[in-house]
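Here the structure comes first, spelled out in structure tokens, and everything after it is commentary.
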Amino acid sequence: MFIQRPSAQLHALSFGQGPLTLLAVGGWTAGGEIWHPLFGHLAHWRCVGVDHRGAGASMRSGPITVNDMADDLLAVADALNVGPCVLAAESSGAAAALLAVQRSPRRFIGQVLVGAAWQRTEPGSSDNFIANLRRDHTGALRGFIDNSLPETDSVELKRWGLQMLMRSSVEDAVDLLRSREQITPIEALADQLGNLTLPTLLIHGDIDRIVPSQSSRLLADYIPQTELHVLPGLGHVPIVTAPAEVAALIDDFGKRLLVPTPIAAPRPHPLAA
């Protein structure tokens, strides 16, 4: 279905039903479709894939900001009558997810971040890649996909990935990259993350060439109730290359969320004096 938002029309698809709901968003120009291989292994969950603004079948008529994408996730949950759920994000979708759970923590019972690209990028750091996108959109995406999937030579997976990423225009791709420059600097963000009490599952491939696994290790230091799994031999998109393995981790995490446990007190973040 499509959900009308200020300066955007969002596309989301809902699959199945069950006691647990996974509300999932992709990263960069990958829409909710990137989660579909994993959804097939969670047949007893309700799974909702969201195309964020600038990706998939969603459209936008204004700027792309992490703030708006966080509010979009809450709006999609409202439109689809999603109750308390597990919020999942892949790659740069993690920035919007982390902001959404800070804004409306009661809407979620847990969060799952896979290959999380959650930190602010410095202005200008993406300039070379952006120049490549504008010069040779298809070629730049092929290189990105090769680096995202180092563990497989599957022509079929890479062709599917290219088709998915090509649904976004060059300018959508550029604006999504630039949106990461708006993320709160880590010194201030660490304080916010340290106050999160939401159980968090972090999953990262140990041969990720796009976002080093150290990114998730650092995030695990900031969020109090965090469980980290670094998966050997997997790259940036284990939800695509090892969907059954990742789904099993999410399923186990979700089942444990259904059992009430005491909430841990926020702990000081590593940058505290």
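For the chain, the solvent-accessible area works out to 42 Å² per residue, with a probe of 1.4 Å and every protein chain left in place. Cα convex hull, the chain: 115 Å³ per residue, rounded to a whole number.
Taking amide H positions as modeled 1.01 Å from N, with prolines and chain starts lacking one, the residues under 5 Å from I109 and 5 or more places away or on another chain are C85, V86, L87. For P199, the shell of other residues with beta-carbons less than 10 Å away shows a net charge of 0, using +1 for Lys and Arg and -1 for Asp and Glu.
What the phi angles of the stretch 22-33 give under the Karplus curve with 6.51, -1.76 and 1.60, with θ = phi - 60°, is a coupling list of 10, 9, 10, 10, x, x, 6, 9, 8, x, x, 4 Hz, glycine and proline written as x.
For the chain, the 222 nm mean residue ellipticity estimated from helices alone, with every DSSP H stretch of n ≥ 4 adding -39500 (n - 2.57) and the total spread over all residues, rounds to -11500 deg cm²/dmol.
Summing Cβ point charges (Lys, Arg +1; Asp, Glu -1) relative to the Cα centre of the stretch 16-76 gives a dipole of roughly 100 debye. If we count every other residue with Cβ under 9 angstrom of Q9's Cβ, Lys/Arg +1 and Asp/Glu -1, where does the sum land? Computed value for this residue: +3.
What is the percent carbon and sulfur in the accessible area of the stretch 45-197, measuring with a 1.4 Å probe over the protein chains and ignoring ligands? Could you put the intermediate results ahead of the total?
Numbers: 2970 of 6190 Å².
Result for the stretch 45-197: 48 percent of the exposed heavy-atom area is carbon or sulfur.
Rg and Dmax over the alpha-carbon atoms of the stretch 82-238 stand at 16.2, 45 Å. Local charge sum around R180 (other residues, Cβ-Cβ under 15 Å, Lys/Arg +1, Asp/Glu -1)? Surrounding charge for R180 is -4. A compact globular protein would have a Cα radius of gyration near 2.2 N^0.38 Å; the ratio found for the stretch 38-171 is 1.15.
The values are calculated or read from the model by the stated rules, or taken from the named source; none is laboratory data. Fair warning: this is a prediction, and the values are worked out from it, not measured in the lab. Positions of Cβ are backbone-derived with ideal geometry, glycine not excepted, and every protein chain shown enters the neighbour counts. Just so you know, the surface numbers come from the protein's heavy atoms only, side chains and all, with ligands and any DNA or RNA stripped out. Shrake-Rupley method; radii C 1.70, N 1.55, O 1.52, S 1.80 Å.
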